[in-house]
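One structure below.
The values are calculated or read from the model by the stated rules, or taken from the named source; none is laboratory data. Values in this document were obtained by computation on a predicted structure and should not be read as measured data. Every residue, glycine as well, gets a Cβ built from its backbone with ideal geometry; the counts of neighbours run over all protein chains shown. Note: areas computed on protein heavy atoms with side chains; ligands, DNA, RNA excluded. Shrake-Rupley method; radii C 1.70, N 1.55, O 1.52, S 1.80 Å.
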Amino acid sequence: MDTPADLVRRLRESQACAALTGAGISQESGLRTFRDAQSGLWAQYRPEALASPEAFQRDPKTVWDWYAWRRQAVAGARPNAGHLALAAMSRLLPVFKLITQNVDGLHQMAGSPEVVELHGNIQRVRCADCGSIAPSWEEVTGEVPRCAICGGLLRPDVVWFGESLPREPLEAAVAAARACDLFFSIGTSGIVQPAASLAYAARNRGAVLVEVNAEPTPLTTKVDFALHGKAGEILPALVEAAWGSPISTGPAGQVEAGR
Ligand code: BV8
Ligand code: ZN
């Protein structure tokens, strides 16, 4: 895969780089994107319909079970070469801010330090009433587990549609976008706000924009470099072209534990 020489130069010379990732970077780890049709029991639901406070109000058990199903899929997934390449960039660049819309925690598992989680994390659960994080919970057949402190229903510690993003990660993401000289948009369809406006914030401050995605998006016509294909192939090639250090993964293209 040939990486544009001009992009390699800019990457090597970058003083402050930022990247926003979406579901596409976890696709090669076997996790469905939001665009991909859901399977089995969940095929009848649009993700946006389940990921909302209204849905939880209406039918908390169905929403709880959907997240339990996704949590299981995430538990079985491993970071891929795309996640690893971004972890390497945090070691090879003077400043590299990694912002994600994903709730799967695979960036952290790949070794990326201080990942800005804009939409929360599916492995965490909190009380829908008092907000306290539940360190552990008992699955109760037919019911949604309850908060040990106030008895409220437990819910995933993620941001649902119509809910505001947590202030700190959002401010960190906007600050990183405004301060960078090079901004990557990776594996995201660029539809969900406010995440989708970060690339524009970076561009308005003169940053060079790069899109790494399997298909064109609304952002494509605005970027300086559009690399269309699999993030798990494009990102390792980019790191190798810039710093000559290959990204190693296991036979299945995924990171073996302990590597
Ligand atoms: C808010 C956590 C303030 C939960 C998520 C009208 C206009 C503008 C905005 C709105 C509007 N109406 C409503 C809104 C606001 C809404 C919004 O943006 N809606 C969209 C649908 C229009 N935003 C909100 O509600 C946000 N909050 O605005 O609060 C407010 C408050 C009250 C009232 C009004 C405003 C909260 C948004 C966060 C919701 N939570 N996730 C969970 O995960 O269950 S969003 C969730 O969906 C993800 O986190 C992610 O953000 C999004 C999915 O997008 P992507 O990650 O990009 O994934 P997608 O599948 O779409 O695309 C994958 C891409 O990868 C594809 O392009 C594909 O080609 C590519 N790909 C696939 N494989 C590969 C690949 N690329 C490379 N390599 C591969 N191998
Ligand atoms: Zn509580």
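Only residues that are open to solvent by less than 40 Å² (accessible area, probe 1.4 Å) and either closer than 13 Å to V95 by Cβ or over 17 Å from the mean Cα position of the chain (by Cα) (or both) were counted across region 163-176, and they come to 1.
Which ones in region 177-222 are of a type outside the set (K, R), assigned to a helix (DSSP H, G or I) and open to solvent by 10 Å² or more (accessible area, probe 1.4 Å)? Within region 177-222, A179, A196, S197, Y200, A201, N204, T220, T221 qualify.
Total residues in region 151-166 satisfying the condition of being assigned to a loop (DSSP other than H, G, I, E, B) and more than 16 Å from ligand 2 (Cβ to nearest atom): the figure is 8. Taking region 136-150 as the range and being within 13 Å of ligand 2 (Cβ to nearest atom), outside any strand (DSSP E or B) and either open to solvent by 30 Å² or more (accessible area, probe 1.4 Å) or hydroxyl-bearing (S, T, Y) (or both) as the test, the residues that pass are W137, A148, I149, C150. Number of residues in region 152-178 that are free of Cβ contacts under 8 Å to residues at least 12 places away in the same chain and of a type outside the set (A, V, I, L, M) equals 4. For the structure I just gave you, tell me whether Q101 is under 19 Å from Q27 (Cβ atoms) and open to solvent by 70 Å² or more (accessible area, probe 1.4 Å). No; evaluated as a whole, the condition is false for this residue.
Where helices (runs of 4 or more DSSP H) sit wholly within region 24-84, those with at least 2 residues that are modelled with pLDDT of 95 or more and open to solvent by 30 Å² or more (accessible area, probe 1.4 Å) occupy 53-58, 60-75. With respect to the conditions (1) within 10 Å of ligand 1 (Cβ to nearest atom); (2) closer than 17 Å to L118 by Cβ, E211 falls short on a single one, namely (2).
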